[in-house]
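Enquirer: The structure is given below, and queries will be raised subsequently.
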Amino acid sequence: MFFEVDVHILILLISFGFLAAFVDSVVGGGGLISLPALLFAGLNPAAAVATNKLAGTMGSLTSSISFYRSGQLEIRSVLKYFPLAFVGSLFGAWTVHLINPALLKPLMLVMLAAVAVYTIFKKDWGSVSSVKTLSRTHLLLFMGLLFGIGFYDGFLGPGTGSFLIFSFLLIGFDFLKAAGNAKFLNLASNVAGLCMFAYLGQIHFVYGFVMGIAQIGGAMLGSRMAIKKGSGFVRTLFIVVTVTLLAKNAYDFMIH
């Protein structure tokens, strides 16, 4: 089936898939790059979101492995949270067929703005890992937050990586470990969304695998660069991507 795809579309998907995964592997927000490319390739919005889940799953799996091998993904700490993001995303993807996703956009904009402002003004935040044992109340709140972010990823999506990183920063991880742990839970929500969209028959598998292969390369480079350059690099890119996401989605909200 590959020879039936226009070579210019292939180049588009490979180029934007690589760039999207590079950014997404570090701080999330890759959908800001990959979704427009899939729409430009001729997919309708639902198929573009579904196909992006396939490519994104390949990229997030790659970066999760890279972070784990480097010791920046604390698998024992986050494995127990995997089902929360997975089940939350399943519910979110299913709910898309019942409620208009646009209803969550105002809340998403407020949350992105809060994340950006808090991170910018708390300059030393996330520079050193100082994780403490959570009380039962704080643990339940944290679990509820992760479930909610998983739901949000299946339901709408933009900013999921930022929200997950922010969640791990809140409980004391530095930016680099927060990025590694967040990527693992993002893998959970991506796989869940992928399962639901596959069940609904909305995935363009050729486009998804082409972009996904490119995302493997981008994820490997991005995660390695984050590991090499450390928390300062991740914090800077985190702020840039979060502010860009906020600006892009605020603009879309105002013109529609």
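The values are calculated or read from the model by the stated rules, or taken from the named source; none is laboratory data. All figures in this text were calculated on a predicted structure; none of them were measured in a lab. So basically every Cβ, Gly included, is an ideal-geometry build from the backbone, and we count neighbours across all protein chains shown. Only protein heavy atoms, including side chains, enter the accessible area calculation; ligands, DNA and RNA are left aside. Shrake-Rupley method; radii C 1.70, N 1.55, O 1.52, S 1.80 Å.
Enquirer: Applying the selection to segment 195-214, what residues are of a type outside the set (A, V, I, L, M) and either part of a helix (DSSP H, G or I) or crowded, with 24+ Cβ neighbours inside 10 Å (or both)? Give the derivation first.
Expert: Kept after step one, since they are of a type outside the set (A, V, I, L, M), are these residues of segment 195-214: 195, 197, 199, 201-202, 204-205, 207-209, 212.
195, 197, 199, 205, 207, 208, 209, 212, listed by residue number.
Enquirer: Among the numbered conditions (1) aliphatic (A, V, I, L, M); (2) over 20 Å from residue 62 (Cα atoms); (3) under 17 Å from the mean Cα position of the chain (by Cα), tell me where residue 191 comes up short.
Expert: So residue 191 meets the others, but not (2).
Enquirer: Further, regarding this structure: Quick check on segment 2-54: of everything there that is in a loop (DSSP other than H, G, I, E, B) and on the phi < 0 side of the Ramachandran plot, which residue is nearest to the chain's Cα centre (by Cα)? Steps first, please.
Expert: First, pick out the residues of segment 2-54 that are in a loop (DSSP other than H, G, I, E, B): 5-6, 28-30, 41-44.
Adding the requirement that they be on the phi < 0 side of the Ramachandran plot leaves 5-6, 30, 41, 43-44.
Details: 5: 27, 6: 28, 30: 7, 41: 22, 43: 21, 44: 21 Å.
Across segment 2-54, the extreme among qualifying residues is 30.
Enquirer: Could you please give the count of residues in segment 140-161 that are touching a Lys or Arg at 6+ places or on another chain (Cβ under 9 Å) and of a type in the set (Val, Ile, Thr)?
Expert: Summing the residues that are touching a Lys or Arg at 6+ places or on another chain (Cβ under 9 Å) and of a type in the set (Val, Ile, Thr) in segment 140-161 gives 0.
Enquirer: Any idea how many residues of segment 107-163 are open to solvent by 20 Å² or more (accessible area, probe 1.4 Å) and not aromatic (Phe, Trp, Tyr)?
Expert: The qualifying residues number 32.
Enquirer: I'd like to check which helices (runs of 4 or more DSSP H) are fully inside segment 90-184 and have at least 1 residues that are within 20 Å of residue 230 (Cα to Cα) and not aliphatic (A, V, I, L, M). If you could, list the steps in order and put the result at the bottom.
Expert: Numbers: elements: 105-121, 136-155, 160-170.
Of the helices (runs of 4 or more DSSP H) lying wholly inside segment 90-184, those with at least 1 residues that are within 20 Å of residue 230 (Cα to Cα) and not aliphatic (A, V, I, L, M) span 105-121, 160-170.
Enquirer: Going by the structure shown, is residue 67 out of contact with any Pro (no Cβ under 8 Å at 6 or more places or on another chain), touching a residue at least 60 places away in the same chain (Cβ under 8 Å), open to solvent by 50 Å² or more (accessible area, probe 1.4 Å) and part of a helix (DSSP H, G or I)? Working first, answer last.
Expert: Numbers: out of contact with any Pro (no Cβ under 8 Å at 6 or more places or on another chain): yes; touching a residue at least 60 places away in the same chain (Cβ under 8 Å): yes; open to solvent by 50 Å² or more (accessible area, probe 1.4 Å): no; part of a helix (DSSP H, G or I): yes.
When the stated conditions are applied, residue 67 does not pass them.
Enquirer: Also, quick follow-up: Within the bounds of segment 154-177, is there any residue that is within 19 Å of residue 37 (Cα to Cα) and aliphatic (A, V, I, L, M)?
Expert: Yes, segment 154-177 contains at least one residue that is within 19 Å of residue 37 (Cα to Cα) and aliphatic (A, V, I, L, M).
Enquirer: Follow-up. Among the residues of segment 215-239, write down those that are within 15 Å of the chain's Cα centre (by Cα) and open to solvent by 50 Å² or more (accessible area, probe 1.4 Å).
Expert: Of everything in segment 215-239, just one residue is within 15 Å of the chain's Cα centre (by Cα) and open to solvent by 50 Å² or more (accessible area, probe 1.4 Å), namely 216.
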